[in-house]
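*Asks:* Below are the structure tokens for one structure; questions will follow.
The values are calculated or read from the model by the stated rules, or taken from the named source; none is laboratory data. Every value quoted in this text rests on a predicted model; they were computed, and no experiment measured them. Quick reminder, even Gly has a Cβ in these numbers, built from the backbone with ideal geometry, and neighbours come from all protein chains shown.
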Amino acid sequence: MGSKIASAIAMLATLLAGCGAKLDENVAGDGSVVDVPGPTDATTAPSDAAIDARLCAGGDARATDPATGSCFVWFTAPATYPAANAACTAFGAKLAIIKAAQTNATVLSLIGMSDAFLGGTDAPPATEGAFLWRGNAADPVTAVANYTNWRAGEPNNGGAGSTVEEDCMIIEGARGGTWDDRPCAPPPVGAGSYSYVCQF
Ligand SMILES: [Ca+2]
Ligand SMILES: [Ca+2]
């Protein structure tokens, strides 16, 4: 009995030794090892080649967008825009940028009926009403132009007489994926904290 257990342990040890992957690596279906962000990774920005090889994984839902080849990842836990932006950066990604209807559909497929922050903002130093895709350190800021999907009447910066600025963009799952400008953080209570979508 004891020798059977010992041989089973020895076999398991042999299998584990052959695996060779670090804790923060995934083994893809073809047997190749794919690195994902983890405690053993350098904190410097990954190379283009490393990003290209990264598995589309993480968050609460994710999909590879056919229009861009990018991986979009939805995080359900509500966050302010600055916190969502920081979380995407920590994830090795950026808040989602949508420049085509197909990409909007990809993001909508992730979020169900939820509202989710995207990477668009007209917060200073941007000019009020002139939304920019924020990008990240590796990507230049670009204007929200050509493709847009604002709901009728939006962006409205809160509307006439509003006492709060609306400088951060959400996509509205319950409205079929239209966009609205909302507060980047509370107040008012109940606004400025949403789920968010990262892209890499
Ligand atoms: Ca605004
Ligand atoms: Ca609005």
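*Asks:* Any residue in the range 164-183 that's on the phi > 0 side of the Ramachandran plot: show its pairings with residues that are not in a loop (DSSP other than H, G, I, E, B) at Cβ separation under 6 Å, as long as the two are six or more apart or on different chains.
*Replies:* G177/N104; G177/L108; G177/I171
*Asks:* Condition first: within 15 Å of ligand 1 (Cβ to nearest atom) and over 19 Å from G119 (Cα atoms). Now tell me which residues in the range 162-188 satisfy that.
*Replies:* S162, T163, V164
*Asks:* Just name the residue that is surrounded by the fewest Cβ atoms within 10 Å (Cβ to Cβ) out of those in the range 36-63 that are modelled with pLDDT of 95 or more and out of contact with any Ser or Thr (no Cβ under 7 Å at 6 or more places or on another chain).
*Replies:* Checked the range 36-63; the qualifying residue surrounded by the fewest Cβ atoms within 10 Å (Cβ to Cβ) is A57.
*Asks:* Another question about this same structure. Looking at the range 164-178, which of its residues are within 12 Å of ligand 2 (Cβ to nearest atom) and assigned to a strand (DSSP E or B)?
*Replies:* C168, M169, I170, E172, T178
*Asks:* Anything in the range 142-163 that is surrounded by 15 or more Cβ atoms within 10 Å (Cβ to Cβ) and near ligand 2 (Cβ under 10 Å from one of its atoms)? List them, or say none.
*Replies:* Answer for the range 142-163, where residues must be surrounded by 15 or more Cβ atoms within 10 Å (Cβ to Cβ) and near ligand 2 (Cβ under 10 Å from one of its atoms): W150, R151, E154, P155, N157, G158.
*Asks:* So, one more: Tell me, which strands (runs of 3 or more DSSP E) wholly within the range 47-158 include 1 or more residues that are within 17 Å of I171 (Cα to Cα), acidic (D, E) and assigned by TED's automatic domain parsing to the domain that holds G190?
*Replies:* It comes to 115-121.
*Asks:* Residues being within 16 Å of S109 (Cβ to Cβ) and surrounded by fewer than 17 Cβ atoms within 10 Å (Cβ to Cβ): count how many of those fall in the range 164-200.
*Replies:* So the count comes out to 3.
*Asks:* On to the next question. Read through the list (1) of a type outside the set (A, V, I, L, M, F, W, C); (2) away from ligand 2 (no atom under 13 Å from the Cβ); (3) under 17 Å from A96 (Cβ atoms), then give the number of the only condition that D181 fails.
*Replies:* Among (1) of a type outside the set (A, V, I, L, M, F, W, C); (2) away from ligand 2 (no atom under 13 Å from the Cβ); (3) under 17 Å from A96 (Cβ atoms), the lone unmet condition for D181 is (2).
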